[in-house]
Amino acid sequence: MKKILLIEDDPFLIDIYSTKLKEAGFKFLVIKDGKEVLKIVQKEKPNLIILDIILPNIDGWQILRQIKKESKLKRIKIIILSNLSQKEEVIKGVKLGADKYFIKSDHTPSQIIKEINKLL
């Protein structure tokens, strides 16, 4: 069973994505705060991370940089799911190593699950 790490602080989105991930048969873990992410990623070694950019304490950019710097973690697939929709933000995400960058308002949870399946 593939393991997904959902890094999101919005309770509404956590609820929706938790339901969709369960329905799709994924094992998943939710983290609401950027502070503990690296420790949890090292311990859990997920197959894929869904990463928000705007998070309490440590933002998604820092998390992405840290994960891609670690030789044991850099192969983990990362999907950025953010409200930041400027072209510069999308380019930055891809340059930092994200496999995909999706704008929350432009994609349904079902579309994101399809993309996860394609990546895995």
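The values are calculated or read from the model by the stated rules, or taken from the named source; none is laboratory data. As the structure is a prediction and not an experimental result, all values here were calculated from the model. As a convention, Cβ positions derive from the backbone with ideal geometry for all residues, glycine included, and neighbour counts pool all protein chains shown. Note: areas computed on protein heavy atoms with side chains; ligands, DNA, RNA excluded. Shrake-Rupley method; radii C 1.70, N 1.55, O 1.52, S 1.80 Å.
Show which lysines lie in cross-link reach of Lys87 when reach means a straight Cα distance below 16 angstrom and same-chain residues fewer than eight apart are skipped.
Correct list for Lys87: Lys95, Lys100, Lys104.
Where the centroid of each part is defined by its Cα atoms, how far is region 1-22 from region 26-54 in Å?
Region 1-22 and region 26-54 have Cα centres separated by 10 Å.
By how many nm would the segment from Gln62 to Lys118 grow when fully extended, if each residue of separation counts as 0.36 nm and the alpha-carbon distance is taken off?
On the way: separation 56, 0.36 × 56 = 20.16 nm, distance 2.57 nm.
Stretched fully, the Gln62-Lys118 segment lengthens by 17.6 nm.
Expressed as a whole percentage, what fraction of the accessible surface of region 12-80 belongs to carbon and sulfur atoms when a 1.4 Å probe is rolled over the protein heavy atoms?
Ligands and nucleic acids excluded, carbon and sulfur reach 50 percent.
Taking the dipole about the Cα centre of the chain, with the C-beta of Lys and Arg at +1 and of Asp and Glu at -1, give me whichever of Ile116, Leu84, Leu51 is farthest to the positive side.
Ile116
Quick check: pseudo-label points 7 Å beyond the Cα along Cα→Cβ at Asp10 and Asn83, how many nm apart are they?
0.6 nm
Rank-order 84-96, 59-71 by packing density, defined as the average count of other C-beta atoms within 10 Å over each peptide's residues, highest first. Each step should come with its number before you reach the end.
Numbers: 84-96: 13.9, 59-71: 16.5.
Ranked from most to least packed, the peptides come out as 59-71, 84-96.
Work out, in µm²/s and without decimals, the Stokes-Einstein translational diffusion coefficient of the chain at 20 °C, 1.002 mPa s, Rh from Kirkwood over C-alpha pairs.
152 µm²/s
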